[in-house]
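*Asks:* Sharing a structure below in structure tokens format, with a few things to ask.
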Amino acid sequence: MRIASLTLPLRLTMTAAFASSLLATGCASRTKPASPGASPTPTPIMRRFVGQVAIVDIEQGFVLIDLGSNLYVPEPGVLLRASNDRGETAQLKTTPEQNRPFVAADIVEGHPLVGDQVFRLKAKPTPPPPASPGPPLPRPPQPPRSDRQAGLVLT
């Protein structure tokens, strides 16, 4: 019986300490709104692996990209980047010619090499801004309550 009487105050103390720690950290972790004069943050970029450069034809100005087992097949006209260990080597633009697992791409700029990895760059989707709360919705009219509906008994 004595153990039970000690555990209730201990439980209440522990619960109060836990709740106050949550409240304290919740207030401290809020982000401050950006000031109007602050520069916008840059949009993060995602790199999507497309394949590897299999053939380079400098005279005709195109490359063949080996997609391998990649399920993503870029549409014609998509801009791609070829790069290797030393950095970006070329910008490529896909053409309508496709014969799985190969996709043809025109060389827009640079000097791609066989074995370069090919990526598609795209901006990460940003979540939509939170909707601003509008005016509160009007409450529907309530029918008048009689004494019987309210459960009151008048004597």
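*Asks:* Are any residues in the range 21-56 at pLDDT below 70 and part of a strand (DSSP E or B), and if so, which ones?
*Replies:* Passing the criteria: only Ile45.
*Asks:* Under 9 Å between Cβ atoms, at least 6 apart or on separate chains: pull out the pairs that start in the range 53-80 with a residue that is on the phi > 0 side of the Ramachandran plot and in contact (Cβ under 8 Å) with a residue 24 or more places away in the chain and end on any residue that is part of a loop (DSSP other than H, G, I, E, B) and open to solvent by 20 Å² or more (accessible area, probe 1.4 Å).
*Replies:* Close Cβ pairs (under 9 Å, with a partner that is part of a loop (DSSP other than H, G, I, E, B) and open to solvent by 20 Å² or more (accessible area, probe 1.4 Å)) amount to Gly68/Pro101.
*Asks:* Also: Just to be sure I understand, how many residues within the range 90-108 are open to solvent by 30 Å² or more (accessible area, probe 1.4 Å) and either closer than 17 Å to Gly61 by Cα or part of a strand (DSSP E or B) (or both)?
*Replies:* Final tally of qualifying residues: 10.
*Asks:* Which members of the range 57-77 meet the condition of being among the β-branched types (Val, Ile, Thr) and either at pLDDT 90 or above or assigned to a strand (DSSP E or B) (or both)?
*Replies:* Once the filter is applied, which keeps residues that are among the β-branched types (Val, Ile, Thr) and either at pLDDT 90 or above or assigned to a strand (DSSP E or B) (or both), the range 57-77 yields Ile58, Val63, Ile65.
The values are calculated or read from the model by the stated rules, or taken from the named source; none is laboratory data. Small disclaimer: the values here were computed from a predicted structure and weren't measured. For neighbour counting, all protein chains shown are included, and Cβ atoms are generated from backbone atoms with ideal geometry for every residue, glycine included. For the accessible areas, the whole protein counts, side chains as well, though only heavy atoms, and no ligand, DNA or RNA atoms are used. Shrake-Rupley method; radii C 1.70, N 1.55, O 1.52, S 1.80 Å.
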